[in-house]
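The structure under discussion appears below in the form of structure tokens.
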Amino acid sequence: MSLEKNIALAKALKSIREFLVLQQAQLHAIEERIVQLEQEQTHFDVLNILEDRVDNLELEHIPSDIIENIENNLEKSLTRLYLLEKQIENLESGQVRFDDIDRQIQSLLESRQILFDEINNKINELEKNKLVKLETRLSHFEPVLTRLGKLEKQIKNSELMTQELAKVLPHAIRQATQHITEQMKNEEKAGLTESLQEPVEHCLRHSIHEDTRSFANILFPVMGPAIRRAINESLKNVVQSINKTAELSFSRKGLAWRVEAWRSGRSFSDIVLQNSLIYRVEQVFLIHRESGLLIQHVHQKGVEIGDSDAVSAMFTAIQDFIRDSFSSNKTEELSSVEIGDYTVWLERGPYAVLACVIRGVTPYHFREIMRSSLEMMHAHYGLLLQNFEGDNVPLQPCLPWLEKTLQSKTKEEAKTSSHLLSPQLIGIFGIILLGFLGWGYFHFEYQQRLTGYINELQKLPGIVIIFSEFDDGKLMITGMRDPLASEPQKIAQNYGLSPEEVESVWTPYQDLTPQFVEQRLRQQLAPPSTVDIRLQDHILYLEGYASQNWINRATSASLLPGVQVVSDELLETDQFLLFLAKKTLVPPESVTLNVQERLLQITGYVDSMTFKLLEQGIQNLPQSPTEFAGIDSSGLIDAEREREQVIQRIEKMKLYFNQGMTQLVPEQKTTQQALLKNVHKLLVLSQILQQSVVLQITGNTDGTGSKILNQQLSQQRAETIINWLHQNGIEKRHLNVVPPTLILFGKNEPNPSDRNVIFRINY
Amino acid sequence: MIQKKICMIGDFSVGKTSLVARFVRQSFSDKYLTTVGVKIDTKLVKSTDGHDVKLILWDIAGNDTLTTAATSYLRGSAGFLLIIDGTRLPTWESALNLREAVTKQLGEKPFIMLLNKADLTEQWEIDQELIDEKVQEGWILLKTSAKTGLNVEEAFSELATQMLKV
């Protein structure tokens, strides 16, 4: 509503503005014209002055042409003056009009202003409430929008976001960490752990991949003690082992120490330590690893020292020289140098090298002291060591660690004792003796097993031992072995020898003894079960039957080493099976047997007795994957049974005739053909069975007419059929007319089906 | 006191060892040069701005290229003296190559080029134009003589000053 009002008001104001602009332009034109008129007025005043002067002049002193000229000019000026006066009058009337218009505009503007004020008041009144409400709501929105703007800026400003997140993140992680313990108790996967697991693993992997050295440097102070602790136990065992070995030594010095231990009643190892471990660390150099500059240097009092800086650098140069000259992969480092009574031990950290100049025999654990000191210096001053550029003042706090390594141990006086044979010593000797005995027994038993193993190997066919020896705790065997011979490792197991205890090198060869030759033949030929293989005096005997392919392969076996001749009495499988079938079934000549792809086919006609015998024989034929694959006897026919069936079919047949005629009723061709076929079959079967057969044909009539007529018709109908059969290849000796037993006659209502010929077989 | 490791670099027989011998009281025998390939001496100098600096001089056996051993010996060096024999022009070229190889190994380090054997003026082969060219490139070049001691102390002192500026 208010919008429409505002639009109407705007339109009204626009039209007023346009009107005022137009009036303003007109006013401006009028003002310009007035200015022109004022200039004209000035000219007019000048003319008046001139006129007065002309009036005052004495005309007699002025030439007449000049006076005429002046008069002309005056007339022209008067004319122009007149015109000007007219224009002024017009302008005055225009000014009046303008004033009228101005007044009208003024009144119009006043009325418009009044109208506008009224409208404005009404609008204000109408929308005051709404505006107030709107303003109130907008005032509520302002802070919200400001906050939204700030938030948007924060979101877009990634740095600010990062800062904010950095403030919150530690607290969030701390809070999440507090839940881990509880979750672990409940055997749940801790969320923080699960979330951080993969990125932390990735970061570590990446960091190690990028720079292994820096990671190693970080871990150096931690790894050293951890590794040392782990290997301490191993070292203890090694030391004990060394002590035992020392105890078992019978060197001159060792015997002397043993006597001393015997006399003093102290353990032998104590005496060894007392006599051996006397040393003095005379100088300690802490050298910057990269530059070779001396970081710190400490030494025993009274020790003559040279230019320690030059010595430090020379140490580094020599290390570099040794590494470059003798280390294959340039990573090994010089760890000690021995010169007469002096030994220089070197330990390396990532940024510094600790070099100790020692006189005498240093205990092994001194290296641990060196490592520990070096690790402590790296742990505390790693960064200073790394960035060392020649100023050693900031690294003076390292001196206490260096002084710690400046150790010395003097030889103690041995205390004598009156104990000559202490029970402890006797016990030790007893244990040593038992140990010797135990070791001897086990050694003997072990040697026995080794000997037994070698002897058995030597006896085994297919194995030839060329060389065997016991070296470095292992039995080394070199020999030749037929791949078909027994497995030496299995035999070794039988003797309780593990693969680590026996190292064998077997060169493959072929043993030509019949046993291996036959085994190899069987492996290579893979004979079927139907073949019997036998090797005798280098002759390979093959008996049985097999496929032709296998027979071909087997007969070429003479090419194999160890076989000189092949005696082949093999049959081809189908041929063998046919022979077997004939032998089992003994079929008559009318029966044909055929074997193809191990399938037996039996065809032919036999009498019932023979048929049954053959059937029984078939049951006895072997059917297996290597023998008959199948037997097809569908072609074997029981001729007697077949003949009976044919007779039955013939005797059921009838051929019909037209009334009173010997002509066959048409449309009996199928019956006729069937009859002819069966009669032929019957004759064949009879021939197989070697029995004569006669087809008796009897003609019948419907009884119309006299008896003689019907008798004649009967005879004629039978003869008609005989002729037809004869014409179709049946010999007449197999055909015979038999008159009906009853001749019908004198019937008034004849039956057409009685006009027929029937058949009987006689054999 | 500040220590600085410096290396003497230059072709064979340019006079490195003679310069060192002129400069310091030797701690080790010259045999080291032919065995280990380096000989080390120390010398306390005053930089031109008055600081005491202990120079650890690594006199590396001369060669026209950097050997593997020499590369190891260069490690951690704060500066070097590049020495040529002014009577043998080829040593100039070798020195340039060596300087390039050393810079590749150490990065940019302060160095001074010493044109040694300056006393043998009649045999001098290095053209002044070559020298001027290098001077224009900002190199510091000094004519030295181990025989007369010309500029020997000054060379070490100047190098110490240059190294302290870094």
Residues to consider are B:K54, B:K147; find the one that is of a type in the set (K, R), crowded, with 17+ Cβ neighbours inside 10 Å and not in a helix (DSSP H, G or I). B:K54
Identify all residues within the stretch B:61-99 that are of a type outside the set (G, A, S), within 14 Å of another protein chain (Cβ to nearest Cβ) and open to solvent by 10 Å² or more (accessible area, probe 1.4 Å); write none if there are none. B:L66, B:T67, B:T68, B:T71, B:R75
Give the residues of the stretch B:1-51 that are among the acidic types (D, E), surrounded by 20 or more Cβ atoms within 10 Å (Cβ to Cβ) and either more than 9 Å from chain A (Cβ to nearest Cβ) or more than 17 Å from B:L74 (Cβ to Cβ) (or both), sorted by residue number. B:D11
How many residues, within the stretch A:643-682, are open to solvent by 60 Å² or more (accessible area, probe 1.4 Å) and within 27 Å of A:Q712 (Cα to Cα)? 11
Here's a check for you: in the stretch A:306-317, which residue that is within 7 Å of chain B (Cβ to nearest Cβ) and under 13 Å from A:I287 (Cα atoms) is surrounded by the most Cβ atoms within 10 Å (Cβ to Cβ)? A:A313
For A:D324: the one exception among (1) among the acidic types (D, E); (2) within 14 Å of another protein chain (Cβ to nearest Cβ); (3) under 24 Å from A:L395 (Cβ atoms): (3)
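For (1) surrounded by 15 or more Cβ atoms within 10 Å (Cβ to Cβ); (2) of a type in the set (G, A, S), each residue gets a yes or a no:
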site: A:Y453; (1), (2): yes, no
site: A:L457; (1), (2): yes, no
site: A:G462; (1), (2): yes, yes
site: A:D471; (1), (2): no, no
site: A:G479; (1), (2): yes, yes
site: A:P483; (1), (2): no, no
Can you name every residue in the stretch A:625-643 that is over 19 Å from A:L613 (Cβ atoms) and either over 60 Å from the mean Cα position of the chain (by Cα) or hydroxyl-bearing (S, T, Y) (or both)? A:T626
Filter the stretch A:378-410 for residues that are under 55 Å from the mean Cα position of the chain (by Cα), among the hydrophobic types (A, V, I, L, M, F, W, C) and either within 14 Å of chain B (Cβ to nearest Cβ) or loosely packed, with under 15 Cβ neighbours inside 10 Å (or both) and give the result. A:A379, A:L383, A:L385, A:F388, A:L395
Please verify whether the stretch A:621-642 includes one or more residues that are closer than 30 Å to A:S753 by Cα and surrounded by 13 or more Cβ atoms within 10 Å (Cβ to Cβ). yes
When the stretch A:329-363 is checked residue by residue, the ones that are within 20 Å of A:E375 (Cβ to Cβ), part of a loop (DSSP other than H, G, I, E, B) and either more than 51 Å from the chain's Cα centre (by Cα) or of a type in the set (G, A, S) (or both) are A:S335, A:G349, A:T362, A:P363
Scan the strands (runs of 3 or more DSSP E) fully inside the stretch A:426-543 and keep the ones with 2 or more residues being under 30 Å from A:E569 (Cβ atoms). A:531-536
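Listed here are the residues, each with its yes/no results for (1) in a helix (DSSP H, G or I); (2) open to solvent by less than 90 Å² (accessible area, probe 1.4 Å); (3) under 23 Å from A:K5 (Cβ atoms); (4) not assigned by TED's automatic domain parsing to the domain that holds A:L9.
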site: A:D117; (1), (2), (3), (4): yes, yes, yes, no
site: A:N120; (1), (2), (3), (4): yes, yes, yes, no
site: A:I123; (1), (2), (3), (4): yes, yes, yes, no
site: A:K128; (1), (2), (3), (4): yes, no, yes, no
site: A:V132; (1), (2), (3), (4): yes, yes, yes, no
site: A:E142; (1), (2), (3), (4): yes, no, no, no
site: A:R147; (1), (2), (3), (4): yes, no, no, no
site: A:K150; (1), (2), (3), (4): yes, no, no, no
site: A:T162; (1), (2), (3), (4): yes, yes, no, yes
Considering only residues that are among the aromatic types (F, W, Y) and within 17 Å of A:F388 (Cβ to Cβ), which ones fall in the stretch A:286-330? A:F315
Matching residues, the stretch A:281-305, being polar (S, T, N, Q) and more than 12 Å from every other protein chain (Cβ to nearest Cβ): A:Q283, A:Q300
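The values are calculated or read from the model by the stated rules, or taken from the named source; none is laboratory data. Only a predicted model underlies this, so the values are computations on that prediction, with no experimental measurement involved. Reconstructed Cβ throughout: ideal geometry from the backbone, glycine too, with neighbour counts over all protein chains shown. These accessible areas exclude ligands, DNA and RNA; they are computed on the full protein's heavy atoms, side chains included. Shrake-Rupley method; radii C 1.70, N 1.55, O 1.52, S 1.80 Å.
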